[in-house]
Amino acid sequence: MSRKNITIVACGLLVCMGSSVAAQSRVNGLVSPVEARRYGLEPSWFTRVELDQARGRINNLRYYVSATNGRTLFEVSYGDSRRMFSERDLDRFGEPLGPDGAKRAAEEFAAQLRRLEIESEIKSHEVPEITLYVTTDRSLVQAIDAETGRTLWATTVGRRDFPMDGPGVNEKYVAVINGTSLYLLTRDTGQIVWVRTTRGVPAAGPAVSDRFVVVPTWTGDVELYELEEPRKLPNMFKSNGRSMLRPTVTPNSIIWPTDRGMLYVASSQRHTIRFRLEAKDTIAAPASVFSPNQVFVASVDGYVYALQENVHSERWRFSTGLSITTTPIPTGESLYVVTDNMNLYCLDQETGALKWVAPSFRQFIAASPDRVYGIGVTERLEILDANTGGRIASMNLGNLDVFYQNDQSDRIIVGTRTGILQSLHEIGREIPALHVDLAERRPEVERPEVPEVDDSETPTKPSPKPRVDDRDPFDDATDPFGGDTDPFGGGADPFGGGQDQPEDPFGGGADPFGGDDPF
């Protein structure tokens, strides 16, 4: 065989091998490193959820960034390359290295580079603990390290044939609902702390504040269960309409929408409702919060509303002209909103001004400082420029059918409902870019006292509330009609007494009947 024919055969084999690798990655539900690098991405990890692929399916994901726990990364930079060493990396015995071990491994690698006459630099980074919580339709709850893919714990709660929605998470606990049973688990180990039966039928997954587990019900009531007092009867909020969505919690507030277009903002520490917003149509997606105290919500009426959480006022509203059934996503200085006709709007968080619009965009996935990622109408990963909205690339995702809407970092979480999950990030971004203010969520932070005024019966309007005039209108000193001035233009008698009167039509005096006593 000639050298030319050998070269052609070799090239053909390489093409077939590349195609088979790409095809295998699509069959397995994974994006190959070669395919990812074509679009400026690289896989962080992939893992398999502990479920029976023949019967179990993933039904919910929850990405949680801790404000109190973290880990240390050591970065060794040399030339245009870098290598990261984490305290959670495993040694030869399968044990985590720890901070000292990670630092020692970074120094040993730098020493190897020096022997090769390659200059290097070691930097340390403090990265918050990030966990991905997975629930399945077979009552499994699994905690996965969102930066390494390592399973931290997995447990089954309740009955496998009962419905279970996504978990609520705070710094200490994870709450899930199985049927009408509310389970509280420890966040670090997954052990069950207590189990309670809800008074109403849960309509969505729970949320967890610093003090309560918040459960929306089909009747429209929102039940609050004390974390540290499991025997105490739950408090309850009444709302106009059904609450079919998971509430949003902040250090100060509990926020939930209803199918009648009401958004309620209540205190997370006291049993009081601060205020409510009345939209013109159903609110079909949870509200989002961005520090400091900015609340964003969208409605089927086509409006995006921006509220100031602690001062009971509407900051601005923006009309897209088309219905919205998704949650607005705040990142940096921008707010991303996907309408039902598959347009992605990028708004300015502070003013609500329109920055740009991108068509054929079905679901937001993640955003970095430079790029926006989402699913297009053709089920491909669309990559947009964050400054202009222009399309950079469109990536085939094969048979992936799980796309997590990550509003807390730039990590792209995808997978299949049969249990495969994968995390992708931009090349060179080993440290996640966060979209949350962790300082506001730390328990030791002193927060201003928020006045607890129950004005829930007075919906918030677009314009500010009118100034209340508390002066006495019957006090001469503050007579709204000008004091001694007669508003009717007369003297003491508003009907003209004391002025020239017309002639008596009866021809008599004071008595129209001609006598002193008509009787």
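The values are calculated or read from the model by the stated rules, or taken from the named source; none is laboratory data. This structure is a prediction, so every number in the text was calculated from the model and none was measured. Glycine also receives a Cβ, built like all others from the backbone with ideal geometry; neighbour counts cover every protein chain displayed.
Here is how the numbers come out for the structure above:
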| read-out | value |
| --- | --- |
| Positions within segment 131-173 being of a type in the set (Asp, Glu) and under 20 Å from residue 421 (Cα atoms), in sequence order | 137, 145, 147, 165 |
| Members of segment 105-141 found to be hydroxyl-bearing (Ser, Thr, Tyr) and in contact with a helix residue (DSSP H, G or I) (Cβ under 8 Å, 6 or more places away or on another chain), listed by number | 120, 124 |
| Hey, residue 375 touching a Lys or Arg at 6+ places or on another chain (Cβ under 6 Å) and surrounded by 16 or more Cβ atoms within 10 Å (Cβ to Cβ) or not | yes |
| Top-ranked residue in segment 309-340 [being closer than 20 Å to residue 408 by Cα and not β-branched (Val, Ile, Thr); ranked as modelled with the lowest pLDDT] | 309 |
| Residues located in segment 208-254, provided they are small (Gly, Ala, Ser) and under 17 Å from residue 276 (Cβ atoms) | 220, 239, 241, 243, 253 |
| Conditions (1) in a strand (DSSP E or B); (2) hydrophobic (A, V, I, L, M, F, W, C); (3) more than 19 Å from residue 354 (Cα to Cα); number of the one not met by residue 297 | (3) |
| Unique match (being closer than 26 Å to residue 299 by Cβ and surrounded by 17 or more Cβ atoms within 10 Å (Cβ to Cβ)) among 251, 167, 234 | 251 |
| Pairs where the first residue, in segment 348-375, is assigned to a loop (DSSP other than H, G, I, E, B) and the second is among the acidic types (Asp, Glu), C-beta under 9 Å, 6+ apart | 349/333; 350/333; 360/382; 368/410; 368/426; 369/410; 370/385; 370/426 |
| Meets criteria (of a type in the set (A, V, I, L, M, F, W, C) and either buried (at least 22 other Cβ atoms within 10 Å of the Cβ) or part of a loop (DSSP other than H, G, I, E, B) (or both)) for residue 244 | yes |
| Count - residues of segment 260-277 that are in a loop (DSSP other than H, G, I, E, B) and modelled with pLDDT under 90 | 5 |
| Number of positions in segment 215-229 that are outside any strand (DSSP E or B) and polar (S, T, N, Q) | 1 |
| Strands (runs of 3 or more DSSP E) completely within segment 389-443 that count 2 or more residues being within 24 Å of the chain's Cα centre (by Cα) and buried (at least 22 other Cβ atoms within 10 Å of the Cβ) | 412-415, 420-426 |
| Segment 51-109 - residue that is in contact with a Phe, Trp or Tyr (Cβ under 6 Å, 6 or more places away or on another chain) and not in a strand (DSSP E or B) and, of those, surrounded by the fewest Cβ atoms within 10 Å (Cβ to Cβ) | 103 |
| Residue count for segment 291-336, restricted to those that are in contact (Cβ under 8 Å) with a residue 60 or more places away in the chain and hydrophobic (A, V, I, L, M, F, W, C) | 2 |
| Residue check, residue 269 under 18 Å from the mean Cα position of the chain (by Cα), farther than 24 Å from residue 165 by Cβ and not hydroxyl-bearing (Ser, Thr, Tyr) | no |
| Residue within segment 246-253 that is under 24 Å from the mean Cα position of the chain (by Cα) and either hydrophobic (A, V, I, L, M, F, W, C) or closer than 15 Å to residue 174 by Cβ (or both) present | yes |
| Within segment 30-50, tally of residues that are under 16 Å from residue 145 (Cα atoms) and outside any strand (DSSP E or B) | 2 |
| Qualifying position, being more than 23 Å from the chain's Cα centre (by Cα) and in contact (Cβ under 8 Å) with a residue 24 or more places away in the chain, among 194, 218, 256 | 194 |
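Here is a yes/no grid of residues against (1) surrounded by 17 or more Cβ atoms within 10 Å (Cβ to Cβ); (2) without any contact (Cβ under 8 Å) to a residue 24 or more places away in the chain; (3) assigned to a loop (DSSP other than H, G, I, E, B):
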site: 118; (1), (2), (3): no, no, yes
site: 126; (1), (2), (3): no, no, no
site: 134; (1), (2), (3): yes, no, no
site: 175; (1), (2), (3): yes, no, no
site: 183; (1), (2), (3): yes, no, no
site: 189; (1), (2), (3): no, no, yes
site: 200; (1), (2), (3): yes, yes, yes
site: 204; (1), (2), (3): yes, no, yes
site: 213; (1), (2), (3): yes, no, no
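For every residue, the table says whether it meets (1) at pLDDT 95 or above; (2) closer than 30 Å to residue 50 by Cα; (3) not β-branched (Val, Ile, Thr).
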{"position": "344", "(1), (2), (3)": "yes, no, yes"}
{"position": "355", "(1), (2), (3)": "yes, no, yes"}
{"position": "367", "(1), (2), (3)": "yes, yes, yes"}
{"position": "377", "(1), (2), (3)": "no, no, no"}
{"position": "385", "(1), (2), (3)": "yes, no, yes"}
{"position": "392", "(1), (2), (3)": "yes, no, no"}
{"position": "414", "(1), (2), (3)": "yes, yes, no"}
{"position": "419", "(1), (2), (3)": "no, yes, yes"}
{"position": "423", "(1), (2), (3)": "yes, yes, yes"}
